[in-house]
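Structure first, then comments.
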Amino acid sequence: QVQLVESGGGLVQPGGSLRLSCQASGRISSINAMGWFRQAPGKQRELVADITSGGSTEYADSVKGRFTISRDNAKNTVYLQMNSLKPEDTAVYYCNAAGRYSRWWGQGTQVTVSS
C-alpha cells in the first residue's frame, strides 16, 4: 500500500500563487508516476499534471505555462507550483500515485481562488 498526504491548499486572490505538496509513504518502490488531479463542484475529476519516475511531465492545456510539477525523490514528495491562479482553478486538488496495477489517492486539499 501507498499512503499520500497533501498540504498547501488555501485561499488566494486571482493572480496569486500556491504550492501544493504530496508526501508518499509505504511501498514507494511500487510507484511509477505521481500527479495531481482536481475536481470542481459539479464537474468530473480531471488531470492537472503528472510526472514519471524518469522525470517526464504532462500538463492539462488549461494550466500549461502557469503550473509546474516537480518531485524530490529523496523526500518521496511531489510538488505542484501554481502561479497566475484564476477563479476557474478553484477545486479540490488530489494527489495521485500510479503503479503498474494500482492507483492511490490522497485525501484532497481545497484551493480557492477568489477576491
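The values are calculated or read from the model by the stated rules, or taken from the named source; none is laboratory data. As the structure is a prediction and not an experimental result, all values here were calculated from the model. Note that we place each Cβ from the backbone using ideal geometry, even for glycine, and neighbour counts take in every protein chain shown. These accessible areas exclude ligands, DNA and RNA; they are computed on the full protein's heavy atoms, side chains included. Shrake-Rupley method; radii C 1.70, N 1.55, O 1.52, S 1.80 Å.
Worth a mention:
- The chain, accessible surface, carbon-and-sulfur percent (1.4 angstrom probe): 44
- Each other residue within a Cβ distance under 9 Å of MET82 adds +1 if Lys or Arg and -1 if Asp or Glu, for a net charge of +1.
- Maximal additional length on extending the GLN1-SER102 stretch stands at 35.4 nm, based on 0.36 nm per residue less the C-alpha distance.
- Heavy atoms of the protein chains alone define the surface here; on that basis the chain has 54 Å² accessible area per residue at 1.4 Å probe size.
- Under 5 Å between amide hydrogens, built in the peptide plane, is the criterion, and for VAL2 it picks out ARG27 among residues at least 5 positions away or on other chains.
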